[in-house]
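Asks: One structure, pasted below without further comment.
The values are calculated or read from the model by the stated rules, or taken from the named source; none is laboratory data. The model shown is predicted, which means the values in this text are computed figures rather than measured ones. Please note: Cβ atoms are built from the backbone with ideal geometry, for glycine as well, and neighbour counts cover all protein chains shown. Quick note on the areas: whole protein, heavy atoms, side chains included, nothing else; ligands and nucleic acids left out. Shrake-Rupley method; radii C 1.70, N 1.55, O 1.52, S 1.80 Å.
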Amino acid sequence: STSTLTDGSVNTTVQANTDAGFSIMTFVSDQQNGTTLAHGLGVKPSWFILKSLDEDNAFYHYHRGVGSGRYISWGAGSLGNSGSEATTTVWGNTDPTSTVITAGTGSMSLDSGHNIVGYTFAEVEGFSKFGKYQGNDATDGTFVYTGFSPAFVILKYNSGSAGGTKNWYMYDNKRSPNN
């Protein structure tokens, strides 16, 4: 079931599972820099995604590993083929809180009156983990401790001097389940 949350500057319709650390929100944009949006998790999210349902544009990601002064995009064509992008406007240069996330303006289309969907994720011990790591160019890679055996992993190149595109990579334990 959904509920309407009024904790932010714009009302959000939210379906939240606090045990899993996940919520889905929808709202109508007001195109204001610094719009606050209630997420319903009760804890600070580590990652969230916003996408306009009215336009063919990218998914815009906040990740605690890159902070509110940057964003990561995920979309068709060249969108999402770079590392994180510096910005002070997409997230209003504001980290999320236990009650709201902040959406700004800039590259992300939050035109007034547009329908937007958002997905928020918070860490749950033994269930989910969000972070970043530094690659080491070794054959067996960098060890990243999660505290559990993950069933699904998403990786995104963030920064550095590696050539080529900086694509997204997703791995799970159901398709080609190798270590």
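Asks: For the stretch 93-105, name all the residues that are open to solvent by 20 Å² or more (accessible area, probe 1.4 Å) and modelled with pLDDT under 95.
Replies: Asn93, Thr94, Asp95, Thr105
Asks: Does Leu41 satisfy the condition of being part of a strand (DSSP E or B), touching a Gly at 6+ places or on another chain (Cβ under 9 Å), over 22 Å from Lys156 (Cα atoms) and open to solvent by less than 70 Å² (accessible area, probe 1.4 Å)? Lay out the reasoning, then the answer.
Replies: Working: part of a strand (DSSP E or B): no; touching a Gly at 6+ places or on another chain (Cβ under 9 Å): yes; over 22 Å from Lys156 (Cα atoms): yes; open to solvent by less than 70 Å² (accessible area, probe 1.4 Å): yes.
No; evaluated as a whole, the condition is false for this residue.
Asks: I would also like to ask the following. Within the stretch 9-21, is there a residue that is under 15 Å from the mean Cα position of the chain (by Cα), within 30 Å of Gly126 (Cβ to Cβ) and at pLDDT 85 or above? Spell out how you get there, then give the answer.
Replies: Here is the first cut: in the stretch 9-21, the ones under 15 Å from the mean Cα position of the chain (by Cα) are 21.
With the extra rule that they be within 30 Å of Gly126 (Cβ to Cβ), the set shrinks to 21.
With the extra rule that they be at pLDDT 85 or above, the set shrinks to 21.
Yes, the stretch 9-21 contains at least one residue that is under 15 Å from the mean Cα position of the chain (by Cα), within 30 Å of Gly126 (Cβ to Cβ) and at pLDDT 85 or above.
Asks: May I pose another question? Checking Tyr145 against (1) surrounded by fewer than 10 Cβ atoms within 10 Å (Cβ to Cβ); (2) modelled with pLDDT under 85, which single condition isn't satisfied?
Replies: Checking Tyr145 against (1) surrounded by fewer than 10 Cβ atoms within 10 Å (Cβ to Cβ); (2) modelled with pLDDT under 85, the one that fails is (2).
Asks: Of all residues in the stretch 148-179, which are more than 26 Å from Phe22 (Cα to Cα) and at pLDDT 90 or above?
Replies: Residues satisfying the conditions do not exist here.
Asks: Among the residues of the stretch 1-38, which ones are in contact (Cβ under 8 Å) with a residue 40 or more places away in the chain, closer than 18 Å to Thr94 by Cβ and open to solvent by less than 70 Å² (accessible area, probe 1.4 Å)?
Replies: Hits for the stretch 1-38 are Gly8, Thr12, Met25, Phe27, Ser29, Asp30, Gly34, Thr35, Thr36, Leu37, Ala38.
Asks: Please determine, by comparing only the residues of the stretch 108-130 that are open to solvent by 30 Å² or more (accessible area, probe 1.4 Å) and within 18 Å of Asn11 (Cα to Cα), which one is modelled with the highest pLDDT.
Replies: Tyr119
Asks: Search the stretch 44-76 for residues being part of a loop (DSSP other than H, G, I, E, B) and among the small types (Gly, Ala, Ser), and hand back the single one that is most open to solvent (accessible area, probe 1.4 Å).
Replies: Here is the first cut: in the stretch 44-76, the residues part of a loop (DSSP other than H, G, I, E, B) are 44-46, 53-58, 64-69, 75-76.
If we keep only those that are among the small types (Gly, Ala, Ser) too, we end up with 46, 58, 65, 67-69, 75-76.
Details: Ser46: 5, Ala58: 2, Gly65: 17, Gly67: 16, Ser68: 13, Gly69: 26, Gly75: 31, Ala76: 83 Å².
The qualifying residue most open to solvent (accessible area, probe 1.4 Å) is Ala76.
Asks: Follow-up. Residue by residue through the stretch 131-142, note down the ones that are charged (D, E, K, R) and either open to solvent by less than 100 Å² (accessible area, probe 1.4 Å) or touching a residue at least 24 places away in the same chain (Cβ under 8 Å) (or both). If you could, list the steps in order and put the result at the bottom.
Replies: Start the filter on the stretch 131-142 by keeping residues that are charged (D, E, K, R), which leaves 132, 137, 140.
Listed by number, the list holds a single entry, Lys132.
Asks: Looking only at the stretch 116-161, which residues are of a type in the set (Asp, Glu) and either touching a helix residue (DSSP H, G or I) at 6+ places or on another chain (Cβ under 9 Å) or over 28 Å from Lys51 (Cα atoms) (or both)? Don't jump to the end; show me each part of the working.
Replies: Step one: of the stretch 116-161, the residues of a type in the set (Asp, Glu) are 123, 125, 137, 140.
Residues satisfying the conditions are Asp137, Asp140.
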